[in-house]
Amino acid sequence: MAFEDLPLSHTPSWEPPVPPRVPPSGGSPTRWIGVATLALVAGGGLGFWWMTRSQPEQVPPPPTEATEGAVKSNRPQRQPWELPALDGSDAIFREAVATLSKHPMLARLLATDGLIRAAVLAVAQIGDGKTPVVPLAVLRPTTRLTIVGDPQGRLDSASYSRWSGPTNALVSVSPSDAAQLYVNVKNLFDAAYAELGHPGGNFDEAITRAIEVVVATPVATDSPLLWRRPGYFEHTDAALRSLRPMQKQLMLTGPENQQRLVTWLRELTAKLDLKLRVPG
């Protein structure tokens, strides 16, 4: 059995119900931190495509004292657009997302089915501190984590490059564009979120929880010391072992990738006016 990263499957046996269109395959989930957000951004590509079409010029109403005195929001306004049904959204998303980024990692992601449902499930699981193995298994890296030593040793820093692809794909998208795209198609994400057992739920809440898990994760100042276990690796440091599975995985993406990811997510948070309950 090939060694996986950490005991990511060692989570509570109960999992939220998985919608029927979520891909059923498994895989190593460390890269899903960035990829889950990529899936969310990719789903918004249709909104961007619509925005770039010729639209009648709309003259905003003159400001009033009430609007001038209101607290200004960074969150973009939703463009008036009739969204497709959730079940029929994949095909047009695949076509429209080309306006978002040409990164090949996005193309691999868009080749799957049930894009919005998979993104919603992945984000919700990250917010719960879990690793979303199933929703985005197509992006499993081709190499395994390695350590220098046996049965324990420092993580080989060359392993960090496994997560450079998802990180580069994410930061290739402007946080401002990502925020506008998300706002335009948010009703579809809310619908998929309701299917997971959150009737009337606001997917902003799931995004906020997921980002809080990511930004609260400590950044390693040195390659972590790991134990080799049957089929996986585990941190030797008790404090690191107590972290949530998603956070332990995130630390293995490498300090540079982790910092770039956190910076991007904080910018997205600001653009959407989401309020994090963790230090800035």
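The values are calculated or read from the model by the stated rules, or taken from the named source; none is laboratory data. Not measured: the values here are computed from a predicted model. Methodologically, a virtual Cβ is constructed for each residue, glycine included, from the backbone with ideal geometry; neighbour enumeration extends over all protein chains shown.
Observations on the structure shown:
- Of all the residues in segment 198-217, those that are at pLDDT below 95 and either loosely packed, with under 15 Cβ neighbours inside 10 Å or within 29 Å of Val148 (Cα to Cα) (or both) number 2.
- Test: Lys130 is touching a Lys or Arg at 6+ places or on another chain (Cβ under 8 Å), at pLDDT 90 or above, closer than 26 Å to Thr112 by Cβ and assigned to a helix (DSSP H, G or I): no
- Qualifying residue in segment 89-103 (condition: in contact with a helix residue (DSSP H, G or I) (Cβ under 7 Å, 6 or more places away or on another chain), at pLDDT below 75, small (Gly, Ala, Ser) and closer than 18 Å to Asp177 by Cα): yes
- Residue list for segment 138-147, filter: in contact (Cβ under 8 Å) with a residue 12 or more places away in the chain and surrounded by fewer than 19 Cβ atoms within 10 Å (Cβ to Cβ): Val138, Arg140, Pro141, Thr143, Arg144, Thr146
- Looking only at segment 148-164, residues that are part of a helix (DSSP H, G or I) and buried (at least 19 other Cβ atoms within 10 Å of the Cβ) come to 4 in all.
- Pairs with Cβ under 6 Å, 6+ apart, first in segment 64-82 and on the phi < 0 side of the Ramachandran plot and at pLDDT 80 or above, second basic (Lys, Arg) and surrounded by fewer than 10 Cβ atoms within 10 Å (Cβ to Cβ): none
- Some residue of segment 180-189 being among the aliphatic types (A, V, I, L, M), surrounded by fewer than 22 Cβ atoms within 10 Å (Cβ to Cβ) and touching a helix residue (DSSP H, G or I) at 6+ places or on another chain (Cβ under 9 Å): yes
- Enumeration of residues in segment 264-280 that are in a loop (DSSP other than H, G, I, E, B) and either closer than 14 Å to Gln180 by Cβ or of a type outside the set (A, V, I, L, M, F, W, C) (or both): Leu272, Asp273, Lys275, Arg277, Pro279, Gly280
- Any chance Glu234 is surrounded by fewer than 19 Cβ atoms within 10 Å (Cβ to Cβ), assigned to a helix (DSSP H, G or I) and of a type outside the set (Val, Ile, Thr): no
- Only listed residue being part of a helix (DSSP H, G or I), among the aliphatic types (A, V, I, L, M) and under 14 Å from the mean Cα position of the chain (by Cα), chosen from Leu240, Leu250: Leu250
- Val173 being assigned to a loop (DSSP other than H, G, I, E, B), buried (at least 20 other Cβ atoms within 10 Å of the Cβ) and aliphatic (A, V, I, L, M): yes
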